[in-house]
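None of the figures in this text is laboratory data; all of them are computed from the coordinates on show. Just so we're clear, the structure is a prediction, and the values are computed from it rather than from any experiment. A quick note on method: Cβ atoms are made from the backbone with ideal geometry, for glycine too, and the neighbour counts reach across all protein chains shown.
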Amino acid sequence: MPAKLVPKLAAALDARADLIARLHAEETDCYRLFHGSVEGEAGLTVDRYGPFLLVQSFHVFLSTEKLAAVTAFYAERLPGLQLFYNDRSRTNSRIGNPLEGEALLAAQVPYEVSEIGVSYVAQARHAGQDPWLFLDLRAGRRRVMQEAAGKSVLNLFAYTCGVGVAAAKAGAAHVVNVDFAESSLAVGKQNAKLNDLPIRPRFVQSDVFAAVRQYAGIGQPAMVRGKRMPSFPKLEPHAFDLVFLDPPKYAKSPFGVVDLVNDYAALFKPALLATAEGGTLICCNNVAQVDRDEWADQLQRSARKAGREIREFEWIEPEADFPSLDGRHPLKMALLRV
Ligand SMILES: C[S@@+](CC[C@H](N)C(=O)[O-])C[C@H]1O[C@@H](n2cnc3c(N)ncnc32)[C@H](O)[C@@H]1O
């Protein structure tokens with residue numbers, strides 16, 4: 001069995017030779033080395049984060065034999081990179097192979113990695129499940145860096161604030177990161193600290209619904225699903241030049257429901273209204289089952305309903321370390337001039 005896996009890893013690495021050279025030349029040392037769903041081993045991914053490799057398996061368990069083959073392959077082809085394995089095969093994709101002692105300590109070492117000259121902290125294991133930098137979003141961060149100079153930037157569902165830190169590094173005038181998770185914003189603050197940023201980004205710990213409605217100048221509903229809303233940080237209305245909207249697939253909070261399959265509009269509308277006239281809104285939808293053209297139609301309809309025109313619509317494609325057989329990536333990123 002591993003004998004069949006190794007040639008696939010080798011083909012994936014060979015196919016990336018030029019890309020990896022280009023990435024290294026622009027100071028990027030984190031990228032996907034193996035994207036199993038397309039490269040022949042569904043559920044298996046191998047990512048490089050600077051000095052370490054993160055192997056993850058989703059939906060399927062990676063046998064000890066296969067893991068040994070993967071480890072041996074990269075030890076030979078990319079020597080010196082420490083390899084960690086996170087078994088995410090359980091239905092909730094939580095890491096299912098606990099580490100102890102020295103192995104755990106090694107996995108919890110924070111490393112500084114680099115993407116397009118911006119530094120980020122990365123750890124193989126931490127309190128959460130997902131890596132602190134989503135690599136398929138590099139194309140989005142790259143585009144933000146091209147757009148950000150002199151702009152005010154709102155980063156919604158900021159997580160570890162990669163988009164906000166990239167924007168600040170690229171010369172944004174003002175950056176606000178919004179997320180309700182204090183622990184994620186704490187990593188975002190570390191990311192900001194690692195870089196010699198010309199401005200001090202703002203970190204707002206808040207529900208996105210509560211924050212973006214205030215920026216957009218629209219009122220909060222008194223009740224959501226029959227319940228009073230808890231208190232929330234007060235923010236002044238503000239129209240941003242560049243808004244980045246990258247929500248999770250599904251999340252329920254006292255302020256509203258994030259549901260990228262059934263109700264993107266609930267987030268899109270206030271995000272659009274928090275975008276200045278003549279500004280840019282980049283929105284993402286990472287749910288594979290959502291068809292990209294249907295989603296684009298929904299965005300157009302929601303914009304019309306909100307009384308705003310989409311003057312230009314452009315797709316941002318994930319980069320070549322995330323290959324696709326049909327050009328239809330699960331992660332859809334749309335840049336709208338509004
Ligand atoms: C998939 S991550 C977003 C990735 C991020 N945009 C990036 O650049 O890496 C989802 C984030 O949404 C946050 N989140 C989910 N529901 C939220 C809500 N209602 N208000 C604020 N943050 C929320 C989570 O804490 C998590 O950090």
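Quick notes on this one:
- Structural descriptor for the chain: relative contact order 12 percent, calculated from alpha carbon pairs under 8 angstrom and at least 6 residues apart.
- Each 10 Å bin, from zero up to the one with the longest distance, holds this percent of the alpha carbon pairs of segment 80-120: 23, 38, 33, 6.
- Alpha-carbon centroid distance for the pair segment 40-74 / segment 92-147, whole angstrom: 15
- Exposure proxy order (Cβ contacts within 10 Å, fewest to most) of W295, W132, W315: W315, W295, W132
- Segment 85-117: GluC sites (Glu not before Pro) in DSSP coil with no more than 11 other Cβ atoms inside 10 Å: E100
- Kirkwood-type radius of segment 115-241, with distances r between different C-alpha atoms, in Å: 15.3
- Quotient of C-alpha Rg and 2.2 N^0.38 Å, computed over segment 18-70: 1.26
- Once C-alpha pairs closer than 8 Å and six or more residues apart are averaged by separation and normalised to the residue number of segment 1-145, the relative contact order reads 21 percent.
- Scaled against the 2.2 N^0.38 Å expected of a compact globular protein of N residues, the Cα radius of gyration of segment 197-338 reads 1.09.
- Magnitude of the charge dipole for segment 49-136, about its Cα centre and with charges confined to Cβ atoms of Lys, Arg (+1) and Asp, Glu (-1), is about 220 debye.
- Share, in percent, of DSSP beta bridges within segment 2-109 that are antiparallel, nearest 5: 60
- Residue-count net charge about N155 - beta-carbon cut-off 11 Å; Lys, Arg +1, Asp, Glu -1: 0
- Put a plus charge on the Cβ of each Lys and Arg, a minus charge on the Cβ of each Asp and Glu, and nothing anywhere else: the dipole of the chain about its Cα centre is then about 1060 debye.
- Dipole magnitude of segment 289-338 about its Cα centre (Cβ charges: Lys, Arg +1; Asp, Glu -1), debye to nearest 20: 440
- Positive minus negative residues near F232 (Lys, Arg vs Asp, Glu; Cβ under 15 Å): 0
- Given charges at Cβ of Lys, Arg, Asp, Glu: the chain dipole, positive-most of T45, S152, V163: S152
- Angle between the chain longest axis and helix 292-305 axis [Cα atoms, degrees, rounded to 10]: 20
- Rounded FRET efficiency, nearest 0.05, which uses the C-beta distance separating K193 from V60 and R0 of 56 Å: 0.90
- Over the chain, the hull volume per residue, using the convex hull of the C-alpha atoms, is 142 Å³.
- Residue exposure proxy: R143, R94, R138, ordered by other Cβ atoms within 10 angstrom of their Cβ from fewest to most, comes out as R94, R143, R138.
- Difference of contour (0.36 nm per residue) and Cα-Cα distance, D14 to L78: 21.8 nm
- Environment charge at P7 (Cβ cut-off 14 Å; Lys +1, Arg +1, Asp -1, Glu -1): 0
- Each principal axis of the Cα atoms in segment 2-109 has its own extent, and those three values, largest first, are 36, 31, 25 angstrom.
- Computed lengthening from H24 to F313, 0.36 nm per intervening residue step minus Cα-Cα distance: 101.0 nm
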